[in-house]
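Below is one structure, written out as structure tokens; comments come after it.
Read the figures in this text as sums done on the coordinates, not as results from a lab. Small disclaimer: the values here were computed from a predicted structure and weren't measured. When we count neighbours, we look across all protein chains shown, and the Cβ atoms used for this are built from the backbone with ideal geometry, even at glycine.
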Amino acid sequence: MTIRDLTAANIDAAAALCHQAGLTRPWNSPELDAQRALGDDTSTGLGAFDDERLIGTVVVGHDGHRWWVYYRAVAESTRGTGFGKRMMTAAEN
């Protein structure tokens with residue numbers, strides 16, 4: 001597994017993963033949130049990739065006062081393997 005910055009090309013896969021993980025709400029679009037995070041200097045999205053398959057996401061951002069973590073998700077097939085913890089460690093760094 002490699003963890004690297006998400007790009008615009010990963011937005012659909014990241015949104016699908018967030019939907020699978022139950023992180024979405026009807027009033028928040030993960031696609032729009034990802035576009036906002038990737039286009040802003042105060043936030044970023046990270047992806048965990050198994051070869052080229054996206055298996056985890058995390059978005060970190062600064063609201064002007066504090067740092068936040070959003071949309072931390074791992075693929076159902078990889079839950080319980082420590083990928084979520086690795087994603088949090090990457091987000092903290």
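Spelling out what I want: for every residue of the stretch 61-77, take phi, set θ = phi - 60°, compute 6.51 cos²θ - 1.76 cosθ + 1.60 (Karplus), and round to whole Hz; glycine and proline get x.
Once rounded to whole Hz, the list reads x, 10, 9, x, 10, 9, 8, 10, 10, 10, 6, 7, 9, 10, 4, 3, 5.
Please list the non-local residues whose amide H lies under 5 Å from the amide H of I55, H modeled 1.01 Å from N, same-chain partners needing a gap of 5 or more.
It is A48, F49, D50, by chain and number.
Mean residue ellipticity at 222 nm from the helices of the chain, using -39,500 (n - 2.57) per DSSP H segment of n ≥ 4 over the full residue count, to the nearest 500 deg cm²/dmol? Please list the in-between numbers first.
Numbers: 3 runs with 29 residues, N = 93.
Computed mean residue ellipticity for the chain: -9000 deg cm²/dmol.
With unit charges on the beta carbon (Lys/Arg positive, Asp/Glu negative), name the residue among H65, G84, G45 whose Cα is farthest towards the positive pole of the charge dipole of the chain.
G84
Between A16 and T78, what's the calculated FRET efficiency when r is the beta-carbon distance and R0 is 22 Å? Round to 0.05.
Details: r = 15 Å, r/R0 = 0.66.
So, using R0 = 22 Å, E works out to roughly 0.90.
Please list, in order, the residues from the stretch 1-29 whose amide nitrogen is less than 14 Å from a point placed 7 Å along the Cα→Cβ vector of E92.
Nothing falls inside the zone, counting backbone N under 14 Å.
Using a basic spin-label model with each label point 7 Å from the Cα along Cα→Cβ, how many nm lie between Q35 and T2?
Using points 7 Å along Cα→Cβ, the separation is 2.8 nm.
The stretch 2-92: D in µm²/s via Stokes-Einstein (Kirkwood Rh, Cα pairs, 25 °C, 0.890 mPa s)?
So the translational diffusion coefficient is about 189 µm²/s.
Give a residue-ordered list of calculated ³J(HN,Hα) values for the stretch 43-48 (Karplus: 6.51 cos²θ - 1.76 cosθ + 1.60, θ = phi - 60°; whole Hz; x for Gly, Pro).
8, 7, x, 10, x, 9
At 7 Å along the Cα-to-beta-carbon direction for both W27 and H62, put a label point, then send me their distance in nm to one decimal.
Spacing of the two 7 Å Cα→Cβ label points: 2.8 nm.
Considering only the other residues whose Cβ falls under 15 Å of the Cβ of D33, what net charge follows from Lys and Arg at +1 and Asp and Glu at -1? Intermediate results must be reported in sequence, preceding the final value.
Working: positive: R25, R36, R72; negative: D12, E31, D40, D63.
Once positives and negatives cancel, what remains is -1.
Once you have the Cα-Cα distance between T44 and A9, take 0.36 nm times their residue separation minus that, and quote the gain in nm to one decimal.
Details: separation 35, 0.36 × 35 = 12.60 nm, distance 1.43 nm.
Taking T44 through A9 to full extension adds about 11.2 nm, to one decimal.
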